[in-house]
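A short reminder: the numbers here are calculations on the coordinates, not readings from a lab. What you see is a predicted model, and the numbers here were worked out from it, not measured in a lab. Virtual Cβ from ideal backbone geometry, glycine too; neighbours counted across all protein chains shown.
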Amino acid sequence: MDGISTILWDVGGVLLTNGWDRQQRDAVLARFGLDQADFERRHAEVDQAWEKDEIGTDEYLRHTVFFEPRSFTQAEFLGAMREESAVLPDSGIGILRQLSASEEYVLATVNNESRAMNEYRLTKFGLLDDFDAFFSSCYLGLRKPDRKIYQVALDVLQRDPEQVAFIDDRAENVAAAASLGIHAIRYEGSAQLAGELTRLGVSLSPGRFRGLMAREA
């Protein structure tokens with residue numbers, strides 16, 4: 001098979017705002033009046049295990065927030081976490097949806113996310129309809145930039161690296177994918193992404209993707 005047949009996508013920082021990075025955590029902690037330094041220390045102790053689905057959301061929240069009585073519930077706190085998600089300004093989601101509608105390419109996620117946040121975001125923003133496969137840390141027990149997560153995607157999809165493009169906003173994740181021979185693109189906005197994909201021979205209709213950006217579930 002010649003040319004790009006498969007495009008792998010990060011979600012937070014490319015399509016949506018990040019799910020539970022520092023900016024989102026700070027906003028929710030301020031809302032509930034929690035100590036940021038204490039939370040960040042506790043978060044660092046369990047974050048990787050949570051994103052790899054080695055612990056569930058209840059255990060994550062017990063360790064980070066509900067280790068003592070609170071005036072709010074776990075459900076309220078998790079709801080506030082989820083409310084921080086939105087379509088990214090200058091999102092690549094319009095490009096994704098044009099490619100999805102064309103049915104010319106295999107489209108899959110490769111992202112670091114806990115199960116609770118990942119499945120909420122995929123459903124909330126209608127991404128289940130856009131992707132063919134989901135190589136998320138919570139399903140594989142692997143996190144970017146570990147090269148194994150990209151290799152699993154190649155193996156499962158039965159693709160050679162030169163047939164695959166990968167899009168991510170973080171340099172270390174792009175570098176890891178590129179080290180396997182994947183065409184790795186660091187996301188810097190929708191116009192830049194359209195240009196990079198076109199350079200790789202991916203078929204796009206100029207300007208059309210902008211009208212597809214706002215669709216939500």
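With charges only on Cβ, +1 for K and R and -1 for D and E, what is the dipole size of the range 22-83 about its Cα centre, in debye, rounded to 20? Could you put the intermediate results ahead of the total?
On the way: 9 positive and 14 negative charges, 38 e Å.
Dipole of the range 22-83, to the nearest 20 debye: 180 debye.
Rounded to two decimals, what is the ratio between the C-alpha radius of gyration of the range 2-50 and 2.2 N^0.38 Å? Numbers along the way, then the final one.
Details: Rg = 15.9 Å, N = 49, 2.2 N^0.38 = 9.7 Å.
Cα Rg divided by the expected 2.2 N^0.38 Å: 1.65.
Ranking L200, L107 by Cβ neighbours within 10 Å, fewest first, what do you get?
L200, L107
Please report the equivalent ellipsoid semi-axes of the range 22-83, computed as sqrt(5 x eigenvalue) of the Cα gyration tensor, largest first, in whole Å. Mind dumping the intermediate values first?
Working: eigenvalues 56, 34, 28 Å².
Square roots of five times the eigenvalues give 17, 13, 12 Å.
Within a Cβ distance under 15 Å of V28, other residues only, what is the Lys/Arg minus Asp/Glu net charge? Numbers along the way, then the final one.
Working: positive: R22, R25, R31, R42, R70, R82; negative: D21, D26, D35, D38, E40, D47, E76, E83, E84.
For residues surrounding V28, the net value is -3.
Distance between Cα centroids, the range 60-110 to the range 113-182: provide it in whole Å.
Rounded to whole Å, the Cα centres lie 15 Å apart.
Any lysines with Cα under 28 Å of the K124 Cα? List them, leaving off those in the same chain fewer than 8 positions away.
Straight-line reach from K124, under 28 Å: K52, K144.
Using a Gaussian network model of the chain with C-alpha springs under 10 Å, which one of S137, S91, S179 is most mobile by mean-square fluctuation?
S179
Of the residues A176, A30, A194, which exhibits the maximal mean-square fluctuation in a Gaussian network model of the chain defined by a 10 Å Cα contact cut-off?
With Cα springs under 10 Å in the chain, the top fluctuation among A176, A30, A194 is at A30.
Looking at the calculated P(r) for the chain, what percent of the C-alpha pair distances fall above 22 Å? Numbers along the way, then the final one.
Details: 11826 of 23436 pairs.
Result: 50 percent of Cα pairs exceed 22 Å.
Set Lys and Arg Cβ to +1 and Asp and Glu Cβ to -1, take the dipole of the chain about its Cα centre, and tell me which of S85, G141, F72 lies farthest positive.
Result: S85.
Rounded, prolate or oblate, given the Cα gyration tensor of the range 132-173, with a/c below 1.5 counting as rounded?
Values: a/c = 1.67, a/b = 1.11, b/c = 1.50.
The shape class here is oblate.
Quick one: which residues, 5+ away or cross-chain, put their amide H under 5 Å from the amide H of A184? H built at 1.01 Å from N.
It is F166, by chain and number.
Choose one answer from A27, A165, A177: the residue with the largest mean-square fluctuation in a GNM of the chain with alpha-carbon springs under 10 Å.
A27
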